[in-house]
Amino acid sequence: MFRPLAVFLAVTASAAQLSAAEPVDYVRQIKPILRERCYACHGPLKTQQDLRLDTARRMKTGGDSGPAITPGKSAESLLIEKVTEADEEDRMPPEGKPLSAEQIELLRRWIDEGAKAAVDEPAPDPREHWAFRLPVKVADVATGKNPIDALLGTEMRKRGLRPLGSAAPQVVLRRIHLDLAGLPPTREQLRAFLKDSSDDAYRKVVDELLASPRHGERWGRHWMDVWRYSDWSGYKNEIRNSQRHIWRWRDWIIESLNEDKPYDRMIVEMLAGDEVAPTDPNVLRATGFLGRNWYKFNRHVWLDNTVQHTAKAFLGLTFNCARCHDHKFDPISQKDYYRLRAFFEPHTTRTDRVPGQSDINKDGLPRVYDSDAKTATYLFIRGNDKKPDKEHPLSPAMPAVFGGKIDVQPVELPVEAFYPDLRKFVVDEMIGKARENLRKADVALAAAKKNDAKLGGKKLMRAVALAEQKIKSAGAALASIKARVAAEWAKYAEKENPQAKGLALAAGEAERQAAVEIATLAVLQSEHKLTDLNVPSKAKKDDKKHKAAVDKTKKALAAARKKLEAAQSAAKQPSEKYTALGKQYPRTSTGRRLALARWIANKENPLTARVAVNHIWMRHFGRPLVDSVFDFGTRAGEPRHRALLDWLAVEFMENNWSMKHLHRLIVTSAAYRRASADRDAAAANRKIDPDNHFLWRTSSRRLEAEAIRDSILHVAGRLDLAMGGPEIDQKLGQSSRRRSVYFRHAYEKQMKFLELFDGASVNECYRRSESIVPQQALALANSRLSFEQSRLLARKLAREAAKEKNESDAFITIAFEQVLSRSPSSQELQLCREFLTDQAARLADKKNLTTFSGKATAGTKPSADPKLRAKENLIHVLLNHNDFVTVR
Amino acid sequence: MTYHSHSPTAHCSNRRAFLGAGMGFGALALGAMLQRDGWANGEANWSPPDGQPHFSPKVKNVIWLFMVGGTSHLESFDHKPALNRYAGMSIAETPHHDVLNPKFLEENVRTLAPDLRKVLAKLYPLQVGFRRRGQSGIEVSDWWPHVGGCIDDIAVVRSMWTNDIDHGAQLQFHTGRNTLDGYFPTIGSWIHYGLGSLNDDLPQFVVLGRPLADCCGGNEGHRASYLGPQHDGVPLTVDPKNPLPFASPGAGVFRQEQRGEVELLRKLNRLTAEEHPHDAALQARIKSYELAFRMQTAVPEVFRLEQETKATERLYGIDQSATKSFGQMCLSARRLAERGVRFVQVYHGSNGGAGGWDAHSNLKSNHSKNCAAVDKPIAGLLKDLKRRGMLDETLVVWATEFGRSPGGEGKTGRDHHPFGFSIWMAGGGIKGGTVHGATDELGFLAVEDRHYVTDVHATVLNQLGLDSRKLEVPGRKRLDIDHGKAIKEILA
């Protein structure tokens, strides 16, 4: 499978090498030592003291303290001085054991021999890039302790950092609720938690939240960022991007997270759901990941997006850089880009029928399939699609540097997959519809007969005759569809059915018989129409229009008669030909995407788990372990917490790629529960690590756009918890009470409120930004959403507080608990008390009040009672409070 | 003169007033705490900037025009006839082969690219003619006729260099650091941090145009990093019809009612700030709320471009479809500067990717179209500032992340080129009609009076009366190169 990347470990110095009389080989003997012990701080990515030890020339140029080596004179070389320094404080490398005597001897000899190295010393071997080597768990994690705390603890101790203790229970509770469910705790949850003194109180909350359907909605939105969810966009009704009904993919994401579907399985379903479960509509939804890239005007743009974002989302690789030229930093050649494209070359999109709706514009299942196994993939010279390099067709492959094996096996598809209209429910619906037509015709005949009291003679006869012919034709149509279904089933779904030929003949006959009956009906209808037109009528006789109508009907009648003759003559010839039930697609899928998916979703892939773990970590802590979340290539320096990242990546894979396992591990760590309050906190820590890289405290952060909107509705007790279904018009964002994840989100179709709070960019959003701009204040202060919900909540809480002795204080207290998940401090209580009195007085003083201009916001109006209105205002203030949008 | 009458001094007191206003019993404590902790590490002798310039400023505002994607210096402000002479030859074949000096590349190019030198290919001839313009006779390409017409007010710097060969250079141009180093305060945020407000109703650092794409810095291109989010640039949309979403609570709300709420909100947030003196986001949010309520009326007024005369609209090309969009941005930039906004960062060509000027192919159609979109509006801005007497107090900077390669890419394009390229400045204290620095004969390397991007920052700060060393934050050691050196040669 994957070949080990740790090539250089084999060449560390040994006594045997030392004794050799031949000159020291820089590349083979010196570089490995420096690479392992020095590059991290004196290499291209981090150049402490301005010194780089990754090329011989750089060593000679040296850094802040002058040259690191003086060729020929090891005794005068700073490098030797530093590695042999007796004082531990000054010795290099500063961490770990000193260099061995053998290693030092090698360095000495190399310098004394003139420090020879090739002039054009090659760039570092990308195969040795940390992220391209398989993650391993470091051994020294103390058992019994959360490994996150063990690993962070080691780093903190090294630096003299002393972590803060756990945050107050209400702070932790709000944090975990918002983090795992995207909603703050209710007052009842808050009180219950504060009362629960059992050891596992917190763990119980975590378990409840992870089991809650709200969790999938919350984290679904996170992954929708990474996987680039977008509803369809385009001009008016014309789709230019993504797919209609792609919300089914969104529902798949949410459901998959809720059921803790293994991440490797999710990758396989998104990239190759149609190959791995070709008849399971629930799985097929997942291919929306690919369908989302559909672009009306340009197949190359479509495939470029597919390549680019598959690589970024799952592998943390910027393949897109290699579309026009070899990647400038990573071992990805321009050919590799097109080889990755080749996995997707055969695929395209389609929409399958779903039960209950025959019109796929109204509802349907958008999915992908391989439509064309033949189209070759060519490298486009300099990325120009007009210049394919046709001499060298490329087959699907991934760069060898990442290891692994691509094993493409074509997938034979079952009939339901390549012939979706032969699926049972479709057939049933077709037959049901024909049956319904027949039933209607029966009813119509009965009605026609009943009518004889009103209509006499010929006209009644005609109506009955027509109705009778309609029954015949509907009956024949039903027979035809049944016969065709039987024949198609025998032909495609069954192997060598001996009756197939007979069934085909019967289907042919039934269809032609139906054609005769339908043609007969058409003739009859035209005849009747002509008769009606010829009824003497003064008004119409000379009318040009009337004449035109008569001519037209005559023509139609002639045509109908001709058609009938043709149908009758066709019906005399036995034939196996009949019309298919619907479109058929290739019976084989190339298996390319499945091969790719299995290569990615693989424990032997060094990137997949790390990239996912990094995304998850970032969303728990507000900051990732690897800053460039979509680029783990050689430009991504080795992360500060690499041991932690790798430990978690391996842990993730060892636990069947369970995200919930990872979430639980992370949120039950002490690191996650630390306080952020820092009035008196560790000034020393702040000096050592002002940016909190080592997580000695919790860095507070702002809620994401969706969580802000949902929380407003939730604290007001008005959030509609209905799940799933078609996307909701984004313009209803201020009035609808559904969760934000269910609103339309597409190019030019985004909810303004969410956009202002750095909502996901539709194009790509691997990491949200967290801005603070005045527009956000205005959105919270002036929107219908915040006005309406504060008014409704205030009235509810006022009723509750009215039962209490000190109504005003009771109101303030429960308002704080409800909105900010904590009690007010005595100072806050005092301020709010004063506010309620002053504001009510202000509002009662009608002659001194002036309104703003412009239309009043829609929805619930303010209370007419100044006292209640002041309470509404107080809630409105709390929704605008810094701590409402902040996770501490 | 249409400047608002606020002087920097008045504003400092505003800032103080703001810190103290309505704080009740919490005020002193918070103030003391901010002082004590110095917002960083409790340095004894440090206090945050007082909003006063460090020395006498030449200008009040800066309008920073940034072309996203990399504008070719060779087809704009740095005429190199040798490219036509040697077109089709490789650099090594020309008498100027020494420009490929690997030592230079090694020192200046911070990249892991092994095949850097392959990028260069064959010299590509100039795609546009040049002519001498103005009294100064500086050569400007024919794609910039209107800016060329203002050349006597402009100082061109032809010897810029940067060291990111990719579009991360966009971020680098604003922070002075290679993206590999991470995020740092941008030039606009330093100014916001260092200087008091000239208008309390508007953000002092405004961004117009679509922000940089994620590839190239994203919002970090106008953010403040460790200076704290209250110094971030505020993006505004030039949409006269809907300048500010949720701008008003509407007739359902009383002004007195909102005022009462704002007052309580401020007090509550300040109480929280006492608990969290290091929470920069909270500080920023308090300020952004204050500003937001004042912006409710101030911002829509800025974008009422219909207040301008037809003649002014024509000056900026707003009457023509090709120049309308950028013309509106330039006009809005003037209106913002006029109302005291310190730093207006205007993007052209930001397209959610590498940028609109990134002409790897079809440079001729790409650049002629882009120039046609910005040339007249930029010239209009310069002329408008001048006739209003504002040009003396407004510094206009025109820049781009890097130039484009003398060697052709494909048959019709040029690659990225950070080793030598041009920018220009005009207005407050700039010696017009000047050319400073030079690239070699091929336009490859900046060879004379070389300037790294932070020299532009230093020049801007210098004109505003700021000394970047005095703005340093304890615990945030800056390097010499971060500070740069003001380009004195172009100053009047």
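The values are calculated or read from the model by the stated rules, or taken from the named source; none is laboratory data. Everything numeric here is computed off the predicted structure, so don't read it as measured data. Here the Cβ is made from the backbone with ideal geometry for all residues, glycine too, and neighbour counts use every protein chain on show.
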Of the residues in region A:834-848 that are more than 7 Å from chain B (Cβ to nearest Cβ) and touching a helix residue (DSSP H, G or I) at 6+ places or on another chain (Cβ under 6 Å), the one that is surrounded by the fewest Cβ atoms within 10 Å (Cβ to Cβ) is A:Ala844
* Asked: In this structure, does A:Arg799 turn out to be of a type in the set (D, E, K, R), in contact (Cβ under 8 Å) with a residue 60 or more places away in the chain, assigned to a helix (DSSP H, G or I) and away from every other protein chain (no Cβ under 13 Å)?
  -> no
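Yes/no matrix, rows are residues, columns are (1) in contact with a Leu (Cβ under 8 Å, 6 or more places away or on another chain); (2) more than 8 Å from chain A (Cβ to nearest Cβ); (3) over 30 Å from A:Ala684 (Cβ atoms):
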position: B:Asp239; (1), (2), (3): no, yes, yes
position: B:Phe254; (1), (2), (3): yes, no, yes
position: B:Leu265; (1), (2), (3): no, no, yes
position: B:Asn269; (1), (2), (3): yes, no, no
position: B:Pro277; (1), (2), (3): yes, no, no
Those residues of region B:241-252 which are more than 30 Å from A:Asp225 (Cβ to Cβ), surrounded by fewer than 21 Cβ atoms within 10 Å (Cβ to Cβ) and facing another protein chain (nearest Cβ under 10 Å) amount to B:Ser248, B:Gly250, B:Ala251, B:Gly252
Going through region B:145-182 in order, the residues found to be out of contact with any strand residue (DSSP E or B) (no Cβ under 9 Å at 6 or more places or on another chain) and either modelled with pLDDT of 95 or more or closer than 29 Å to B:Lys386 by Cα (or both) are B:His146, B:Leu171, B:Gln172, B:Thr175
Subset of region A:500-510, residues farther than 15 Å from A:Lys472 by Cβ and either of a type outside the set (A, V, I, L, M) or in contact with a helix residue (DSSP H, G or I) (Cβ under 8 Å, 6 or more places away or on another chain) (or both), comes to A:Ala500, A:Lys501, A:Gly502, A:Leu503, A:Ala504, A:Ala506, A:Ala507, A:Gly508, A:Glu509
If we ask which residues in region A:849-880 are within 7 Å of chain B (Cβ to nearest Cβ) and either modelled with pLDDT under 95 or over 30 Å from B:Glu275 (Cα atoms) (or both), their number turns out to be 11
Among the residues of region B:313-326, are any on the phi < 0 side of the Ramachandran plot, crowded, with 21+ Cβ neighbours inside 10 Å and small (Gly, Ala, Ser)? no
Within region B:202-236, restricting to residues that are farther than 21 Å from A:Arg767 by Cβ and touching a Gly at 6+ places or on another chain (Cβ under 9 Å), the one that is farthest from the other protein chains (Cβ to nearest Cβ) is B:Gly209
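Listed here are the residues, each with its yes/no results for (1) surrounded by 17 or more Cβ atoms within 10 Å (Cβ to Cβ); (2) assigned to a loop (DSSP other than H, G, I, E, B); (3) not polar (S, T, N, Q).
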{"position": "A:Lys261", "(1), (2), (3)": "yes, yes, yes"}
{"position": "A:Ile267", "(1), (2), (3)": "yes, no, yes"}
{"position": "A:Gly273", "(1), (2), (3)": "yes, no, yes"}
{"position": "A:Thr279", "(1), (2), (3)": "no, yes, no"}
{"position": "A:Val283", "(1), (2), (3)": "yes, no, yes"}
{"position": "A:Gly288", "(1), (2), (3)": "yes, no, yes"}
{"position": "A:Asn293", "(1), (2), (3)": "yes, yes, no"}
{"position": "A:His300", "(1), (2), (3)": "no, no, yes"}
Restricting region A:802-833 to residues that are acidic (Asp, Glu) and away from every other protein chain (no Cβ under 14 Å), the one farthest from A:Leu879 (Cα to Cα) turns out to be A:Glu804
Filter region A:729-766 for residues that are among the polar types (S, T, N, Q) and under 16 Å from the mean Cα position of the chain (by Cα); the one that is nearest to the other protein chains (Cβ to nearest Cβ) is A:Asn763
Among residues of region B:221-280 being among the polar types (S, T, N, Q) and without any contact (Cβ under 8 Å) to a residue 40 or more places away in the chain, the residue farthest from B:Asn178 (Cα to Cα) is B:Gln256
Here, helices (runs of 4 or more DSSP H) confined to region A:135-201 with at least 2 residues that are under 24 Å from A:His215 (Cβ atoms), touching a residue at least 40 places away in the same chain (Cβ under 8 Å) and among the aliphatic types (A, V, I, L, M) are A:169-181
Quick check: anything in region A:769-784 closer than 27 Å to A:Asn241 by Cα and either surrounded by 19 or more Cβ atoms within 10 Å (Cβ to Cβ) or within 9 Å of chain B (Cβ to nearest Cβ) (or both)?
yes
Those residues of region B:52-93 which are outside any loop (DSSP other than H, G, I, E, B), touching a residue at least 12 places away in the same chain (Cβ under 8 Å) and closer than 14 Å to B:Phe444 by Cβ amount to B:Ala82, B:Leu83, B:Ser90, B:Ile91
For region B:282-297, pairs from a residue that is closer than 17 Å to A:Ser771 by Cβ to a residue that is hydroxyl-bearing (Ser, Thr, Tyr) and assigned to a helix (DSSP H, G or I), with Cβ under 8 Å and 6 or more apart or across chains, are B:Leu282/B:Thr272
Note to self: Looking at region A:430-440, can you tell me whether even one residue there is closer than 27 Å to A:Arg367 by Cβ and in a loop (DSSP other than H, G, I, E, B)?
What the structure shows: no
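Yes or no, residue by residue, for (1) of a type outside the set (Asp, Glu); (2) facing another protein chain (nearest Cβ under 9 Å); (3) out of contact with any Pro (no Cβ under 9 Å at 6 or more places or on another chain):
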{"position": "B:Glu274", "(1), (2), (3)": "no, yes, yes"}
{"position": "B:Leu282", "(1), (2), (3)": "yes, yes, yes"}
{"position": "B:Arg304", "(1), (2), (3)": "yes, no, no"}
{"position": "B:Thr309", "(1), (2), (3)": "yes, no, yes"}
{"position": "B:Ile318", "(1), (2), (3)": "yes, no, no"}
Log entry, pairs with first residue in region B:371-392 being more than 27 Å from B:Gly70 (Cα to Cα), second being of a type in the set (Val, Ile, Thr) and not in a helix (DSSP H, G or I), beta carbons closer than 9 Å, six or more apart or on different chains, reads B:Arg388/B:Thr2; B:Gly389/B:Thr2; B:Met390/B:Thr2; B:Asp392/B:Val59
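A quick yes/no check of all residues on (1) modelled with pLDDT of 95 or more; (2) of a type in the set (D, E, K, R); (3) under 14 Å from A:Gly288 (Cβ atoms):
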| site | (1), (2), (3) |
| --- | --- |
| A:Asp207 | yes, yes, no |
| A:Ser212 | yes, no, no |
| A:Arg218 | yes, yes, no |
| A:Ser233 | no, no, no |
Has region A:302-313 got at least one residue that is farther than 30 Å from A:Pro420 by Cα, of a type in the set (Gly, Ala, Ser), in contact (Cβ under 8 Å) with a residue 12 or more places away in the chain and not in a helix (DSSP H, G or I)? no
message: Please determine whether any residue of region A:210-229 is hydroxyl-bearing (Ser, Thr, Tyr) and outside any loop (DSSP other than H, G, I, E, B).
response: no
By residue number, the members of region B:224-281 that are small (Gly, Ala, Ser), within 25 Å of A:Leu820 (Cβ to Cβ) and at pLDDT below 90 are B:Gly228, B:Ala280
Taking region B:433-461 and keeping residues closer than 14 Å to B:Asp78 by Cβ, among the aliphatic types (A, V, I, L, M) and touching a Leu at 6+ places or on another chain (Cβ under 7 Å) leaves B:Leu442
